[in-house]
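A quick write-up on the structure given underneath.
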Amino acid sequence: MQNVPRISGSPDQHRTATRKKILVAVRDVMASDGVDKLTMAEVAGRAGLHRSVVYNYFPDVRALLIAHARYETERFMDELTGALGSAATATEQIVAYVHQQLADFAAYPQPAGPELATLLGPDGYREMHAHVQPLGMLLTDIIRAGVEAGEFAPSDPAATANLVHACLGAERFPLGQGHRDLEETTERVTTFVLRSLGAETNGGRSDV
């Protein structure tokens, strides 16, 4: 029988560490076997825990998926903040954002939106989507700063951020499945996004 491994520290630290093990196991199962193979038993086995332990933290697969979305968003935001720290301009921030997002798609394969929508239902999908809204707000702020600084062509920052995310999202599945080369994809998408924003590329400014 699998048991909770001994984790030193306070009860809160123990609980946090166990919760993280479960959510990392969710990511591993989806990456290797697909979201259709995601079960409480499979997650427990991958985490090295008894299934009852997983149920102590999450009542069902739906709750696991929503918590996983929040966990992955927080992880990515931390990594993205570090990448943006060395960017001096909005253009450099956009480049860093695109590079970080595409690299994350390749490193951490995620199920397609329709698959998640089927599993979660409309309410669950909206709840999960709410956890990734900080990314949209961050990208909107970068675009707004670029427009105000004259680096980007005038546009509605929020609407433009949605378009950029749609462009990036189209690469999620191909990169996650290894169907596209990360370096080539990053160069192609970065050039496209910069041109769409009216930013300067290697060929000069592209006003759209």
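Rundown of residues vs (1) in contact (Cβ under 8 Å) with a residue 60 or more places away in the chain; (2) out of contact with any Gly (no Cβ under 9 Å at 6 or more places or on another chain); (3) within 24 Å of GLY85 (Cβ to Cβ); (4) not small (Gly, Ala, Ser), yes/no style:
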| site | (1), (2), (3), (4) |
| --- | --- |
| LEU139 | no, yes, yes, yes |
| GLY150 | no, yes, yes, no |
| SER155 | no, no, no, no |
| LEU163 | no, yes, no, yes |
| LEU175 | yes, yes, no, yes |
| VAL189 | yes, yes, yes, yes |
| PHE192 | no, yes, no, yes |
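Would you mind finding the one in GLU151, GLU171 that is of a type in the set (Asp, Glu), buried (at least 16 other Cβ atoms within 10 Å of the Cβ), under 16 Å from LEU194 (Cα atoms) and modelled with pLDDT of 90 or more? Unique residue meeting the criteria: GLU151. SER32 falls short on exactly one of the conditions (1) at pLDDT below 90; (2) surrounded by fewer than 15 Cβ atoms within 10 Å (Cβ to Cβ); (3) over 19 Å from the mean Cα position of the chain (by Cα), and that condition is (3). For region 148-201, the set of residues classified as farther than 21 Å from SER32 by Cα and not in a helix (DSSP H, G or I) consists of ALA149, GLY150, GLU151, PHE152, ALA153, PRO154, SER155, ASP156, GLY198, ALA199, GLU200, THR201, listed by residue number. Residues in region 1-19 that are part of a helix (DSSP H, G or I) and either surrounded by fewer than 10 Cβ atoms within 10 Å (Cβ to Cβ) or modelled with pLDDT under 85 (or both): PRO11, ASP12. Only one of (1) out of contact with any Pro (no Cβ under 8 Å at 6 or more places or on another chain); (2) surrounded by fewer than 19 Cβ atoms within 10 Å (Cβ to Cβ) fails for MET77. Which number is that? All conditions pass for MET77, except number (1).
The values are calculated or read from the model by the stated rules, or taken from the named source; none is laboratory data. All figures in this text were calculated on a predicted structure; none of them were measured in a lab. Heads up, the Cβs are rebuilt from the backbone with ideal geometry, glycines too, and the neighbour counts pull from every protein chain shown.
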